[in-house]
1. Just grab the label-to-label distance for A170 and D101, each label 7 Å out from Cα along the Cβ direction, in nm (one decimal).
2. Using a Förster distance of 35 angstrom, determine the FRET efficiency expected from the C-beta separation of R82 and A201, and round it to 0.05.
3. Given the convex hull over the Cα atoms of segment 3-133, what projected area results after averaging over all orientations, in nm²?
4. Can you tell me the 0 to 90 degree angle between the C-alpha axis of helix 46-55 and the longest principal axis of the chain, rounded to 10?
5. For the chain, what does the helix formula give at 222 nm: sum of -39500 (n - 2.57) over DSSP H segments with n ≥ 4, over the residue count, nearest 500 deg cm²/dmol?
6. Please work out the C-alpha center-to-center distance from segment 58-120 to segment 157-174 and express it in whole Å.
7. Given 10 Å bins starting at zero, what is the percent of C-alpha pairs of segment 179-252 in each, up to the one with the largest pair distance?
8. Report, in degrees rounded to the nearest 10, the 0 to 90 angle that the Cα long axis of helix 71-85 makes with the longest principal axis of the chain.
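Each reported figure results from applying straightforward, stated rules to the coordinates on display, with no laboratory input. All values derive from a computational prediction rather than experimental measurement. For neighbour counting, all protein chains shown are included, and Cβ atoms are generated from backbone atoms with ideal geometry for every residue, glycine included.
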Amino acid sequence: MLNLTGKNALVTGIANNRSIAWGIAQQLHKAGANLGITYLPDERGKMEKKVAELVEPLNPSLFLPCNVQNDEQIQSTFETIRDQWGKLDILIHCLAFANKDDLTGDFSQISRSGFNTALEISTYSLAQLSGAAKPLMTEGGSIVTLTYLGGVRAVPNYNVMGVAKAGLEASVRYLAAEFGSHNIRVNAISAGPIRTLASSAVGGILDMIHHVEQVAPLRRTVTPLEVGNAAAFLCSDLSSGITGQVLYVDAGYEIMGM
Ligand code: NAD
Ligand code: 0WE
């Protein structure tokens, strides 16, 4: 049985009730995990209030600001986990960012700063958070990140995010190789397109979703709760033999040739 009672799970990347991280947090809670939630703080504290209200029913025992571009916030997040929880079992990395203008047009025209921003936030952050989590995962652990098919295929307009996801998937393999001797597993879920805050800001996302609904074996897209179920599996002892992998949760779309 899928059982996460007694496990402490840190979930990053909840922005609103459509976030994939929100689907994951709900399923980890349902399986009995004790939750810590981080949010991306803004100047006016609007995000803090919004995310706090959303996650309240899951009774998180930690609720912390964590912008991955801010080293102090990362340090303080993991210091708080050490002081309050003593150990960490689960880390969910569910965040990405590229400048909107870099998700359209010619990839060859990407600026140095646009490239760096996308890879700093979307790729480097996994190694950074995993490195901070490692000493706290004293009884082993599970790290799960979110990727997309655009990291292995040239998906129109995904552009620099595709490069970031290719690096993310490679990071999963190097982290899995490094952490395996500590019984810490590292895996990625490659989700099919879902309408979220990040994807809705992308032109043509509805056409992409429509295309998936025609082509995918299951003739539909996936939901954040389905991604959450796969994440709960990868965080549980049911997946104790699995590390370094990319698990497709995409209604089967990836296997199709046409
Ligand atoms: P979302 O907008 O709900 O989540 C993205 C999150 O990234 C937000 O919570 C945002 O606050 C956070 N974030 C951005 N910059 C940050 C920073 N500097 N520090 C900390 N957090 C920061 O959108 P989503 O679609 O749920 O995205 C979550 C993950 O799922 C991303 O890695 C995305 O690439 C991946 N993914 C999304 C889809 C999709 O179609 N929506 C498909 C496959 C994979
Ligand atoms: O990973 C993603 C979303 C990534 C993303 C989206 C945005 C839009 C708003 C990263 N940064 C930003 N920055 C913004 O300002 N997905 C897998 C969803 C997605 O994004 C696409 C897609 C799909 C699918 C972009 C182009 C083409 C397809």
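1. Placing both labels 7 Å beyond Cα along the Cβ direction yields 2.7 nm.
2. FRET efficiency, R82 to A201: 0.45.
3. Details: hull surface 35.1 nm².
Mean projected area of the Cα convex hull: 8.8 nm².
4. 70
5. -12000 deg cm²/dmol
6. Centre-to-centre (Cα) distance: 15 Å.
7. Pair shares across the bins are 18, 41, 26, 13, 1.
8. 40
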